[in-house]
1. Please work out which residue is modelled with the lowest pLDDT, limiting yourself to the stretch 105-143 and to residues that are polar (S, T, N, Q) and under 17 Å from Arg90 (Cα atoms).
2. Looking at Val50, Val46, which one is among the β-branched types (Val, Ile, Thr), within 15 Å of the chain's Cα centre (by Cα) and closer than 30 Å to Val101 by Cβ?
3. Please specify each residue of the stretch 60-93 satisfying the condition of being away from ligand 1 (no atom under 16 Å from the Cβ), assigned to a strand (DSSP E or B) and not aliphatic (A, V, I, L, M).
4. Condition (residue is within 25 Å of Ala141 (Cβ to Cβ) and of a type in the set (Phe, Trp, Tyr)) applied to the stretch 63-73: is it met by at least one residue?
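The values are calculated or read from the model by the stated rules, or taken from the named source; none is laboratory data. As the structure is a computational prediction, the values presented were derived from the model and not from experiment. Methodologically, a virtual Cβ is constructed for each residue, glycine included, from the backbone with ideal geometry; neighbour enumeration extends over all protein chains shown.
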Amino acid sequence: MTTTATPRARPDWPAQLRAHALRVTRPRTHVLGAVHEHPHASADQVHRVVRTALPEITVQSVYVVLADLERHDLVRRIDVPGSPARYETRTGDNHHHAQCVRCLRITDVDCVVGSAPCLHPGSAAGMTILSADVLFRVICADCRENGPESTTAPASPPRSEHV
Ligand SMILES: [Zn+2]
Ligand SMILES: [Zn+2]
């Protein structure tokens, strides 16, 4: 009898930490669990989840734990222009993201062409490309269904006024 791991199955976090030569601590296992349950959560959101189990934990500790886990490829940080970084446990596949310009929800988009790095800049003279992070700007199905009257903002990217 074999147990097949589905993507939503809860991984064995202590084993994962040990595999990366990281000490198993409650903050680490809880942060991993929270990020896994809430893909693309910000550090603040992760903190809110972890706090229910570890009331003493600070946002600062959550940032430190996330940075440790990111360094060991146990979580991936997604930098979204204009909003806080998001975190996820789906690492190593160089998948991309789509962000709805209206509700700001982020969803996974599989690699565009084959495996990482799936995109190459036209001219890569002398550069070694490690990854290609693409952020698609979209209007999600929910927002499209709600129609343009649900928001007064145009669908074009918001322009930031720099003075
Ligand atoms: Zn949306
Ligand atoms: Zn993702």
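1. Restricting attention to the stretch 105-143, the residues satisfying the condition of being polar (S, T, N, Q) are 107, 115, 123, 128, 131.
Those left that are additionally under 17 Å from Arg90 (Cα atoms): 107, 115, 131.
Numbers: Thr107: 93, Ser115: 59, Ser131: 73.
So, considering only residues that are polar (S, T, N, Q) and under 17 Å from Arg90 (Cα atoms), the one modelled with the lowest pLDDT is Ser115.
2. Numbers: Val50 fails: within 15 Å of the chain's Cα centre (by Cα).
Of Val50, Val46, the one residue that is among the β-branched types (Val, Ile, Thr), within 15 Å of the chain's Cα centre (by Cα) and closer than 30 Å to Val101 by Cβ is Val46.
3. Our first condition is that a residue be away from ligand 1 (no atom under 16 Å from the Cβ); within the stretch 60-93, this holds for 60-79, 81, 84-85, 87-93.
So of that shortlist, the ones also assigned to a strand (DSSP E or B) come out as 76-78, 87-88.
Of everything in the stretch 60-93, those that are away from ligand 1 (no atom under 16 Å from the Cβ), assigned to a strand (DSSP E or B) and not aliphatic (A, V, I, L, M) turn out to be Arg76, Arg77, Tyr87, Glu88.
4. From the stretch 63-73, those within 25 Å of Ala141 (Cβ to Cβ) are none; that's our starting set.
No, the stretch 63-73 contains no residue that is within 25 Å of Ala141 (Cβ to Cβ) and of a type in the set (Phe, Trp, Tyr).
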